[in-house]
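The values are calculated or read from the model by the stated rules, or taken from the named source; none is laboratory data. Source: prediction; values computed, not measured. Heads up, the Cβs are rebuilt from the backbone with ideal geometry, glycines too, and the neighbour counts pull from every protein chain shown.
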Amino acid sequence: MSNTAITVARAAALADRLEQGARALADLAATLTDEQWQRQIPGDGRKVGVVVHHVASMYPIEMQFAQMLAAGQPIAGVAWDDVHAINASHAREHDATTRAEALDLLRRNSAAAAEAIRALSDEQLDRAAAISLNADAPLTCQFFLEDHPVRHSYHHLAKIREAVGR
């Protein structure tokens, strides 16, 4: 296998995992009752539908940060308090989000994120820079992708399943 094929395979595997998680989240969300869509997630407080929309709306931000790391630039000045404030604001603004809106956004933004991941080279995936969310540890673009956009749907999918008893 050539180096180019290996590079394509590595980025494609990451993108495939992101798409699988987004698809699993969408598949579950599509089968929920209206009551389940409105149910608050224990320990989180946000409604199931809001969280589905949240995952979808975070892909562009997470990919912007991943692109910074791919270019060797640090993610600076972002604290967990900022993340919590963004999440709270999002929950207020999208409290009445519909299933159709959330699923459409999830489909579009996960596809765009996967496409952006597939465009990354091994060299970009291996670049490390300080990430303020992780105590300025120099972490790779691949780590960030796995810990944020790739993991995100799986994390919330598990919480939603718990909340709706599936």
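Applying the criterion of being more than 13 Å from residue 110 (Cβ to Cβ) and either in contact (Cβ under 8 Å) with a residue 24 or more places away in the chain or of a type in the set (Asp, Glu) (or both) to the residues of the stretch 152-166, the residue that is surrounded by the most Cβ atoms within 10 Å (Cβ to Cβ) is 160.
How about the stretch 27-53: which of its residues are more than 13 Å from the chain's Cα centre (by Cα) and within 24 Å of residue 144 (Cβ to Cβ)? Once the filter is applied, which keeps residues that are more than 13 Å from the chain's Cα centre (by Cα) and within 24 Å of residue 144 (Cβ to Cβ), the stretch 27-53 yields 44, 46. In the set 19, 62, only one residue is part of a helix (DSSP H, G or I), over 26 Å from residue 88 (Cβ atoms) and either within 17 Å of the chain's Cα centre (by Cα) or modelled with pLDDT of 95 or more (or both); that residue is 19.
Apart from one condition, residue 134 fits all of (1) in contact with a Leu (Cβ under 8 Å, 6 or more places away or on another chain); (2) over 30 Å from residue 30 (Cα atoms); the exception is (1). None of 110, 153, 132 is farther than 16 Å from residue 51 by Cβ, of a type in the set (Ser, Thr, Tyr) and at pLDDT 95 or above except 132.
With respect to (1) assigned to a strand (DSSP E or B); (2) touching a Leu at 6+ places or on another chain (Cβ under 7 Å); (3) under 30 Å from residue 43 (Cα atoms), the lone exception for residue 157 is condition (1). Does residue 70 satisfy the condition of being at negative phi and touching a Cys at 6+ places or on another chain (Cβ under 8 Å)? Here the answer is yes, as residue 70 does meet what is asked.
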